[in-house]
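First comes the structure, then the notes that go with it.
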């Protein structure tokens, strides 16, 4: 970025780079240059632990320069275009088109149009087929890569699963073939074929989906080798096996914690203490993404926490994981960390917890340093539906735990619920209200009035690689009826409902369950001005509706119930869990 562009734009400090602990190498002297991007604003991207991990991993390689880039706010994008400049990296203001590779972390399907905007601002053709050896290779990873097909035409490579080891192997192979590839001696097709030999790497241009006359996917396989070109392409795997970091306890953690100039969404040290989840919630895609369960040792957690604090001076440490409650010896870990940091006034926070984890001293320990609210995720208002979801949640433990928490000084709770669940009835919606009301009244038993309960309501999105991937997603109208029912039947002013934007949920469902035909829709929506679709203030459902209509694609087809015999667009990805096991769990979720 050039500093004269910062004049008159909103929060210019987000574009400065050169933060404390940022890595800046001599761009020209490095053998491989990698630009790591996040398709949302800086404040979101710098809160992403995955981005920080890959940034640190790559910059630990002596001859690799890894720099960052993020989506621009509208005023900064306009300033860039008006000055006839391209999107550049944060560290050295190098135009992205000069890098060897661009890597995007895809954490939300609603960021897809931002990817296209960032590519276009960089001066790159949007489609992979239009980018030859003169352009950077464009790579994607992250949770959305569990179904890469909607974005297949825009990326050269996807890394499926955990990328910190795979990306090093990709760069090693790139270093080996760089000269031949860049001067045209090695075709892009042949080079992608070489890269596809790395476990977890998927090059969509080397595979082809086949559809029948009704538009149903009937086959998915590597493309046939062109006549006379047999030597250029190696045998490609029929299935892409998800990449897993087996030795998680020794996995890289970014102890040189970068300190942004502006406040970020998660403005703290985030320390991953476990990866994977021992639970089998049938709606949870994250379990499939990070399966199997791996634990970081208590000693390692202490060491990394101390190093990250010493390098940054942050006053809050958050312990992260899909189910922190199931960390072995959580109470001992929490008490030890609090004791270690008590003289530094460092707050400790934990994500949504199971109630059983708070029984005893955990909530009291945390309350001694920071009496924040507690977050729980019952997911459903009745035990009947929790059983359908295979959600491990004990109401007895919950009410015991919150009474102890209120006694320790906590003032409010946040509860997460899903609606649009299989077999859901009005009594289940009543259960949400009754459950929250009982939680509020629990505080009255301890002292003072009832507690404020913040209730977050989200529509169930049956995601790929979960037992519910065959389930029909409820329509927007049906979900809105349930929202209206909850509003009409909740009379307690201490219960504060917040509802996810249901049109955004609908689009997320379509994009997450989509195939390659959605590429044209995403491009059309982008051309209509769709940007920052994950932000309700920018989201335009009308633009997406027009894009679907113009491309002749019915979005509802992606949300309908799927027969078990149907080939799903993401079936070629091996997540380490058999599809038959997912189907068995799906059948258990069906309730009357």
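The values are calculated or read from the model by the stated rules, or taken from the named source; none is laboratory data. Given the structure is predicted, the values throughout are model-derived calculations rather than measurements. With ideal geometry, Cβ positions are generated from the backbone for all residues, glycine too; neighbour counts draw on all protein chains shown.
Out of all the residues in region 5-23, which are loosely packed, with under 14 Cβ neighbours inside 10 Å and either touching a residue at least 12 places away in the same chain (Cβ under 8 Å) or more than 24 Å from residue 84 (Cα to Cα) (or both)?
First, pick out the residues of region 5-23 that are loosely packed, with under 14 Cβ neighbours inside 10 Å: 7-8, 10, 13, 18, 20.
Across region 5-23, the qualifying residues are 8, 10, 13, 18, 20.
Which one is surrounded by the most Cβ atoms within 10 Å (Cβ to Cβ), of the residues in region 326-358 that are part of a loop (DSSP other than H, G, I, E, B) and touching a strand residue (DSSP E or B) at 6+ places or on another chain (Cβ under 9 Å)? Let's see the steps before the verdict.
Step one: list which residues in region 326-358 are part of a loop (DSSP other than H, G, I, E, B), which gives 327-329, 345-346, 350-354.
Applying the additional criterion that residues be touching a strand residue (DSSP E or B) at 6+ places or on another chain (Cβ under 9 Å) yields 327-328, 346, 350-354.
On the way: 327: 21, 328: 10, 346: 21, 350: 23, 351: 15, 352: 15, 353: 20, 354: 21.
The selected residue is 350.
Take the residues in region 382-413 that are part of a loop (DSSP other than H, G, I, E, B) and touching a strand residue (DSSP E or B) at 6+ places or on another chain (Cβ under 8 Å); name whichever of them is modelled with the highest pLDDT. Steps first, please.
Here is the first cut: in region 382-413, the residues part of a loop (DSSP other than H, G, I, E, B) are 382, 390-394, 409-411.
Now restrict to residues that are touching a strand residue (DSSP E or B) at 6+ places or on another chain (Cβ under 8 Å): 391, 393, 410-411.
Details: 391: 95, 393: 92, 410: 83, 411: 82.
Of everything passing the filter in region 382-413, 391 is modelled with the highest pLDDT.
Just need a number here: residues in region 254-289 that are surrounded by 21 or more Cβ atoms within 10 Å (Cβ to Cβ), within 22 Å of residue 91 (Cα to Cα) and touching a strand residue (DSSP E or B) at 6+ places or on another chain (Cβ under 8 Å).
The qualifying residues number 2.
For a quick check of your reading of the model, give me the residue pairs whose first member lies in region 468-485 and is closer than 21 Å to residue 391 by Cβ, whose second is exposed (fewer than 15 other Cβ atoms within 10 Å of the Cβ), with beta-carbon atoms closer than 6 Å and at least 6 apart or on different chains.
472/560; 472/561
Just checking, which of 248, 191 is modelled with pLDDT of 95 or more and in contact with a helix residue (DSSP H, G or I) (Cβ under 8 Å, 6 or more places away or on another chain)?
It is 191.
Take the conditions without any contact (Cβ under 8 Å) to a residue 60 or more places away in the chain and within 30 Å of residue 530 (Cα to Cα) and apply them to residue 581. Does it pass? Talk me through it step by step, then tell me what you get.
On the way: without any contact (Cβ under 8 Å) to a residue 60 or more places away in the chain: yes; within 30 Å of residue 530 (Cα to Cα): no.
No; evaluated as a whole, the condition is false for this residue.
Mind checking which residues of region 423-460 are touching a residue at least 60 places away in the same chain (Cβ under 8 Å) and assigned to a strand (DSSP E or B)?
At the first step, the residues of region 423-460 found to be touching a residue at least 60 places away in the same chain (Cβ under 8 Å) are 423, 429, 433, 454, 460.
Residue satisfying the conditions is 454 alone.
For region 39-53, indicate whether the set of residues that are outside any helix (DSSP H, G or I) and either free of Cβ contacts under 8 Å to residues at least 12 places away in the same chain or over 21 Å from residue 533 (Cα atoms) (or both) is non-empty. Reasoning before the result, please.
First pass over region 39-53, keeping only residues outside any helix (DSSP H, G or I): 39-41, 46-48.
Then drop every residue that is not either free of Cβ contacts under 8 Å to residues at least 12 places away in the same chain or over 21 Å from residue 533 (Cα atoms) (or both), which leaves none.
Within region 39-53 (the criterion being outside any helix (DSSP H, G or I) and either free of Cβ contacts under 8 Å to residues at least 12 places away in the same chain or over 21 Å from residue 533 (Cα atoms) (or both)), the answer is no, since none of the residues qualifies.
Quick one: which of 153, 169 is more than 18 Å from the chain's Cα centre (by Cα) and either more than 26 Å from residue 60 (Cβ to Cβ) or in a loop (DSSP other than H, G, I, E, B) (or both)? Walk me through how you get there before you give the answer.
Details: 169 fails: either more than 26 Å from residue 60 (Cβ to Cβ) or in a loop (DSSP other than H, G, I, E, B) (or both).
Checking each option against the conditions leaves just 153.
Is it true that some residue in region 263-276 is assigned to a loop (DSSP other than H, G, I, E, B) and more than 22 Å from residue 352 (Cα to Cα)? It would help to see each step written out before you state the result.
Restricting attention to region 263-276, the residues satisfying the condition of being assigned to a loop (DSSP other than H, G, I, E, B) are 263-268, 273, 276.
Cutting the leftovers down to more than 22 Å from residue 352 (Cα to Cα) gives us 263.
For region 263-276, residues assigned to a loop (DSSP other than H, G, I, E, B) and more than 22 Å from residue 352 (Cα to Cα): present.
For region 442-463, give me the residue count where each residue is modelled with pLDDT of 95 or more and out of contact with any strand residue (DSSP E or B) (no Cβ under 8 Å at 6 or more places or on another chain). First the steps, then the outcome.
Going through region 442-463, the residues modelled with pLDDT of 95 or more turn out to be 453-463.
With the extra rule that they be out of contact with any strand residue (DSSP E or B) (no Cβ under 8 Å at 6 or more places or on another chain), the set shrinks to 461-463.
Matching residues across region 442-463 total 3.
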